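Since the structure comes first, as structure tokens, the remarks are kept for the end.
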Amino acid sequence: MKPAPFDYVRPDRLADAVAALAAPESKVMAGGQSLVPLLSMRLASPSLVVDINGLPGLDAITVTSGGVQVGALARHTAVLESPEVARVQPLVPMALAHVAHATVRNRGTTVGSLVHADSAAEMPVVLSLLGGSIEVSGPAGRRTIAASELFVGPLESSVAPDEIALSAFFPALPPGAGVAFDEIARRHGDYALVGAAALVEGERIRVGYLSVSDVPTVVDLTGVPAADRAEAALEQLDPTGDIHATAAYRRTLVRVLTDRVVAAATANAQGGTP
Ligand code: FAD
């Protein structure tokens with residue numbers, strides 16, 4: 001299908017991009033890997049597309065001992081292939097390896113994936129589990145949105161229509177902690193039927209899930225005996241069925257993945273290679 005007609009601008013200054021978004025029914029475009037299919041299927045029909053690819057400096061990936069800051073134009077591939085990112089927060093590349101295929105990752109942005117807020121996407125659950133945040137710029141200036149406030153519904157984030165996300169921050173792996181990611185998909189690169197990420201830090205065990213509810217969900221399993229963890233997680237998740245998988249099958253996958261990622265993260269925390 002062809003998109004409905006729309007106007008297009010590609011500003012080279014952030015202030016101009018924010019000003020352009022004042023137009024009603026305007027939409028930011030970063031990598032276009034989610035937006036363009038939505039336009040083509042006429043599931044979105046903005047009157048104006050504001051292409052942010054001309055804005056300078058937004059492709060930076062800044063790694064410090066405190067964490068990883070990913071600019072809004074950093075492509076999934078650049079983040080995935082950064083040895084510095086892997087050293088400071090290995091969960092980021094672990095999850096990115098499951099995002100789509102190389103062609104999509106070469107163009108799609110990690111920040112765009114967060115704003116898009118697909119509950120079947122990998123990076124929203126990573127940001128949620130790690131307690132990360134994004135920085136946005138809008139008519140009222142800049143603000144930081146914590147992951148816990150970012151994902152509000154299916155394909156709905158708390159970034160306002162006239163705001164541009166500038167970067168995302170993924171906190172570093174604490175010393176001695178371990179992480180793991182795994183998912184079940186029909187084919188590698190497809191959206192997951194269910195996915196899970198674990199963070200084990202001393203006695204503390206937290207697991208985040210994708211594709212089980214409308215928003216990424218993080219469950220605290222600290223102190224729960226190993227044999228009871230999956231059922232404890234399911235009490236808080238209540239997976240639903242759809243054309244891709246029944247609710248019962250998703251519950252089975254939650255059981256399998258919970259045990260798998262907690263075991264792997266525990267092994268990594270104890271000195272294994274993440
Ligand atoms: P765009 O498509 O440009 O934008 C997506 C949405 O986010 C739009 O609403 C746009 O307005 C908004 N947006 C983007 N950037 C900003 C910003 N900086 N500020 C404000 N709003 C912004 N993703 C997965 O996670 N897992 C997968 O398995 C997966 N498989 C895929 C398979 C295929 C075949 C395709 C085409 C895509 C797949 N994706 C998958 C989606 C991919 O990861 C996208 O790149 C990502 O979801 C959106 O990033 P983008 O830069 O392309 O955003």
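Only strands (runs of 3 or more DSSP E) wholly contained in the stretch 1-99 count here; list those with 1 or more residues that are among the small types (G, A, S).
26-29, 67-71
Could you list all residues from the stretch 101-110 that are part of a loop (DSSP other than H, G, I, E, B) and either open to solvent by 20 Å² or more (accessible area, probe 1.4 Å) or farther than 26 Å from D51 by Cα (or both)?
Residue satisfying the conditions is H101 alone.
Yes or no, residue by residue, for (1) of a type in the set (A, V, I, L, M, F, W, C); (2) more than 7 Å from the ligand (Cβ to nearest atom); (3) at pLDDT 95 or above:
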site: D7; (1), (2), (3): no, yes, yes
site: A15; (1), (2), (3): yes, yes, yes
site: V18; (1), (2), (3): yes, yes, yes
site: E25; (1), (2), (3): no, yes, no
site: G31; (1), (2), (3): no, no, yes
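For every residue, the table says whether it meets (1) open to solvent by 60 Å² or more (accessible area, probe 1.4 Å); (2) modelled with pLDDT of 95 or more; (3) assigned by the TED database to the domain that holds Y209.
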site: L234; (1), (2), (3): no, yes, yes
site: T240; (1), (2), (3): yes, no, yes
site: A245; (1), (2), (3): no, no, yes
site: A248; (1), (2), (3): yes, yes, yes
site: R251; (1), (2), (3): yes, yes, yes
site: V254; (1), (2), (3): no, yes, yes
site: R260; (1), (2), (3): yes, yes, yes
site: A264; (1), (2), (3): no, yes, yes
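Take the stretch 65-84 and flag every residue that is in contact (Cβ under 8 Å) with a residue 60 or more places away in the chain and either hydrophobic (A, V, I, L, M, F, W, C) or in the same structural domain as L210 (by the TED database) (or both).
V68, V70, A72
Which number in (1) touching an Asp or Glu at 6+ places or on another chain (Cβ under 6 Å); (2) away from the ligand (no atom under 15 Å from the Cβ); (3) open to solvent by less than 30 Å² (accessible area, probe 1.4 Å) marks the one condition that P174 misses?
(3)
Conditions (1) open to solvent by less than 50 Å² (accessible area, probe 1.4 Å); (2) out of contact with any Asp or Glu (no Cβ under 6 Å at 6 or more places or on another chain); (3) modelled with pLDDT under 95, marked per residue:
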| site | (1), (2), (3) |
| --- | --- |
| D182 | yes, yes, no |
| H188 | no, yes, yes |
| A198 | yes, yes, no |
| E201 | no, yes, no |
| L210 | yes, yes, no |
| S213 | yes, yes, yes |
| L221 | yes, yes, no |
| P225 | no, yes, no |
| R229 | yes, yes, no |
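In this structure, is D162 more than 30 Å from T252 (Cβ to Cβ), among the acidic types (D, E) and open to solvent by 40 Å² or more (accessible area, probe 1.4 Å)?
yes
For the stretch 40-52, name all the residues that are in contact with a strand residue (DSSP E or B) (Cβ under 9 Å, 6 or more places away or on another chain), more than 9 Å from the ligand (Cβ to nearest atom) and either under 22 Å from A100 (Cα atoms) or open to solvent by 40 Å² or more (accessible area, probe 1.4 Å) (or both).
Answer for the stretch 40-52, where residues must be in contact with a strand residue (DSSP E or B) (Cβ under 9 Å, 6 or more places away or on another chain), more than 9 Å from the ligand (Cβ to nearest atom) and either under 22 Å from A100 (Cα atoms) or open to solvent by 40 Å² or more (accessible area, probe 1.4 Å) (or both): just S47.
Take H76 and tell me if it is near the ligand (Cβ under 9 Å from one of its atoms) and open to solvent by 20 Å² or more (accessible area, probe 1.4 Å).
no
Among the strands (runs of 3 or more DSSP E) lying completely within the stretch 182-232, list those that include at least 1 residues that are in contact (Cβ under 8 Å) with a residue 60 or more places away in the chain and of a type in the set (D, E, K, R).
Output list reads 194-201, 204-210.
The values are calculated or read from the model by the stated rules, or taken from the named source; none is laboratory data. Keep in mind it's a predicted model, so treat the numbers as computed, not measured. Quick reminder, even Gly has a Cβ in these numbers, built from the backbone with ideal geometry, and neighbours come from all protein chains shown. Ligands, DNA and RNA are excluded from the accessible area calculation, which covers all protein heavy atoms including side chains. Shrake-Rupley method; radii C 1.70, N 1.55, O 1.52, S 1.80 Å.
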